[in-house]
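Everything on this sheet refers to the single structure shown next.
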Amino acid sequence: MSIRHSATHLTRSLATRSPRPAAGLLGTNGFQKSCMATVTPPVTQNEVGKQGPTAMVFMNMGGPSTTDEVGDFLSRLFADGDLIPLGPLQSYLGPLISRRRTPKIQKQYAAIGGGSPIRKWSEHQCEEMCKLLDEMSPETAPHKPYVAFRYANPLTEHMYEQLLKDGFGKGRGGRAVAFTQYPQYSCSTTGSSLNELWKWRNRLEGKRATGETNPDGAITWSVIDRWPTHPGLVEAFAQNIEAKLAEYPEERRKDVVILFSAHSLPMSVVNRGDPYPSEVAATVHAVMHRLGHSQPYRLCWQSQVGPSAWLGAQTSDTVKQYVARGHTDLILVPIAFTSDHIETLYELDLEVIEEDAKGHPGVKRAESLNGSPAFIKALADIAHAHLKSGESSSRQMHLRCQGCNSERCLEQKKFFAGEQAKILPTVK
Ligand SMILES: C=CC1=C(C)c2cc3[nH]c(cc4nc(cc5[nH]c(cc1n2)c(C)c5CCC(=O)O)C(CCC(=O)O)=C4C)c(C)c3C=C
Ligand code: FES
Ligand SMILES: [Fe+2]
């Protein structure tokens with residue numbers, strides 16, 4: 001499906017919007033601060049590119065901003081059957097597990113300063129990317145930043161309501177790009193966020209037949225669903241690794257081991273055919289290629305939850321084993337997440353580096369991408385290429401996992417992959 005624009009309707013509605021929503025709730029441009037990150041002047045007809053405005057929606061899991069939000073965060077997380085399938089007992093077991101887990105996880109967030117920095121970084125990254133995009137792609141400007149989290153505020157439904165209030169959709173059309181902030185695709189992460197976005201799209205804009213054109217003036221969505229080997233992403237990772245390598249004395253540097261660490265997956269998800277492990281490996285290889293394969297390296301997996309089998313080797317075991325063998329110069333590189341979170345600040349910094357590798361100052365961690373200018377430029381390059389391409393998604397969205405039997409996945413993919421995608425139903 002190529003992208004169809006309804007910019008004229010939207011431009012008119014933005015220019016004539018009235019009455020203005022209550023002050024206080026909104027940023028100075030009339031966009032609610034809870035879902036978006038920028039404060040720009042109101043849009044007028046003259047400023048708008050031929051195809052703009054364009055909503056740029058960053059999708060991610062989110063995290064609790066304070067320890068008081070941990071309970072709600074976990075209860076949404078354990079209610080998500082795309083992440084943690086608990087079968088028909090989900091609505092009973094989910095709240096039970098999340099309530100029991102809350103005190104432990106609250107302590108972890110307290111230890112990293114009282115909350116997850118993911119919202120701060122997501123808003124910053126999206127806002128800065130949109131500023132670059134306005135220069136790089138004036139025809140789709142202005143680019144309006146929004147954040148949609150799966151398990152924390154701003155939630156997907158709040159972002160969607162805000163889009164509608166801001167003049168997109170509801171008969172006025174307009175274009176929005178769902179930009180996953182997971183570089184590597186997993187059905188448990190990006191897949192879950194897209195399922196949620198599709199659900200709220202149907203609830204708030206009405207369900208349409210797949211492939212139908214846009215007669216009702218709903219928002220036209222396209223999706224950036226993965227970018228594991230984008231050269232800009234690779235460059236941003238490589239720069240942070242090089243900065244860390246420079247901290248070692250020159251004579252030791254060439255033997256420093258790079259340990260890439262990604263959030264693990266249950267083996268049931270891996271064996272279903274989830275694309276994430278191979279995409280993470282692709283990122284690792286691209287980064288090592290950019291570094292000229294200057295160091296020995298391994299990929300390991302962290303943060304497994306519960307008693308089932310997860311993809312290994314585990315990061316904490318790996319560090320213990322290498323340190324025991326005398327590899328005491330190690331750089332941990334979080335490779336599957338683009339900002340700091342509990343897994344870097346608590347698990348890697350406090351559990352693995354401070355406890356497991358106690359007494360070995362050569363065990364360090366590369367900075368997360370956070371505010372890296374190279375990373376923000378990469379985001380803008382990825383978005384720019386997508387806006388120019390006219391594609392509704394990558395070709396990978398046209399195929400389901402071998403073992404997928406989720407009707408939700410099927411319908412979501414039909415919607416986001418577009419009308420020419422041949423997405424086959426489950427064979428019973
Ligand atoms: C690419 C990153 C991630 C994948 C893949 C992923 C899969 C996955 N996660 C769980 C269960 C939990 N994850 C939790 C927290 C959490 N997960 C990620 C990233 C990925 N998860 C992050 C960045 C975070 C922390 C958020 C933050 O600090 O901001 C939690 C909650 C914490 C806890 O209770 O331990 C759970 C539970 C599963 C089951 C899964 C794959 C199916
Ligand atoms: S689980 Fe991967 S496409 Fe459904
Ligand atoms: Fe997780």
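Going by the structure shown, is Ala281 open to solvent by 20 Å² or more (accessible area, probe 1.4 Å) and not polar (S, T, N, Q)? Yes.
Of the residues in the stretch 313-331, how many are touching a Ser or Thr at 6+ places or on another chain (Cβ under 7 Å) and open to solvent by 40 Å² or more (accessible area, probe 1.4 Å)? The qualifying residues number 0. The residue of the stretch 290-311 that is farthest from Asn240 (Cα to Cα), among those that are assigned to a loop (DSSP other than H, G, I, E, B) and at pLDDT 95 or above, is Ala309. Just checking, which of Ser188, Ser268, Ser294 is surrounded by fewer than 18 Cβ atoms within 10 Å (Cβ to Cβ) and within 16 Å of ligand 2 (Cβ to nearest atom)? Every option except Ser268 fails the conditions. Screening Ala286, Ala324, Ala282, Ala336 for residues that are more than 23 Å from the chain's Cα centre (by Cα) and either farther than 29 Å from Pro231 by Cα or not hydroxyl-bearing (Ser, Thr, Tyr) (or both) leaves exactly one candidate, Ala324. Of all the numbered requirements in (1) at pLDDT 95 or above; (2) of a type in the set (Lys, Arg); (3) more than 15 Å from Pro53 (Cβ to Cβ), Arg201 misses one, and that requirement is (1). Going by the conditions given, is Arg99 of a type in the set (D, E, K, R) and within 14 Å of ligand 3 (Cβ to nearest atom)? Here the answer is no, as Arg99 does not meet what is asked.
The residue pairs whose first member lies in the stretch 271-282 and is assigned by the TED database to the domain that holds Tyr297 and away from ligand 3 (no atom under 16 Å from the Cβ), whose second member is open to solvent by 30 Å² or more (accessible area, probe 1.4 Å) and among the polar types (S, T, N, Q), and whose beta carbons are closer than 8 Å, counting only pairs six or more residues apart or on different chains, are Arg272/Gln402; Gly273/Gln402; Pro275/Gln396; Ala282/Thr229. Taken over the stretch 127-154, the criterion of being under 17 Å from Ser75 (Cα atoms) and open to solvent by 10 Å² or more (accessible area, probe 1.4 Å) is satisfied by Arg150, Asn153. Cys404 meets all of the listed conditions (1) more than 20 Å from the chain's Cα centre (by Cα); (2) within 16 Å of ligand 1 (Cβ to nearest atom); (3) open to solvent by 30 Å² or more (accessible area, probe 1.4 Å) but one, namely (3). Here Leu369 clears all of (1) among the hydrophobic types (A, V, I, L, M, F, W, C); (2) outside any helix (DSSP H, G or I); (3) touching a His at 6+ places or on another chain (Cβ under 7 Å) except the condition numbered (3).
Scanning the stretch 78-116 for residues that are in a helix (DSSP H, G or I), of a type outside the set (Ser, Thr, Tyr) and open to solvent by less than 20 Å² (accessible area, probe 1.4 Å) yields Phe78, Gly94, Ile105. Only a single item in (1) away from ligand 3 (no atom under 16 Å from the Cβ); (2) assigned to a helix (DSSP H, G or I); (3) open to solvent by less than 50 Å² (accessible area, probe 1.4 Å); (4) of a type in the set (A, V, I, L, M) is not met by Met56, and it is number (2). Selection of the stretch 332-349 for residues being part of a helix (DSSP H, G or I) and open to solvent by less than 10 Å² (accessible area, probe 1.4 Å) yields Thr344, Leu348.
The values are calculated or read from the model by the stated rules, or taken from the named source; none is laboratory data. What you are looking at is a predicted structure, and each value in this text was computed from that prediction instead of being measured. Methodologically, a virtual Cβ is constructed for each residue, glycine included, from the backbone with ideal geometry; neighbour enumeration extends over all protein chains shown. Surface accessibility is based on the protein's heavy atoms, side chains included, excluding ligands, DNA and RNA. Shrake-Rupley method; radii C 1.70, N 1.55, O 1.52, S 1.80 Å.
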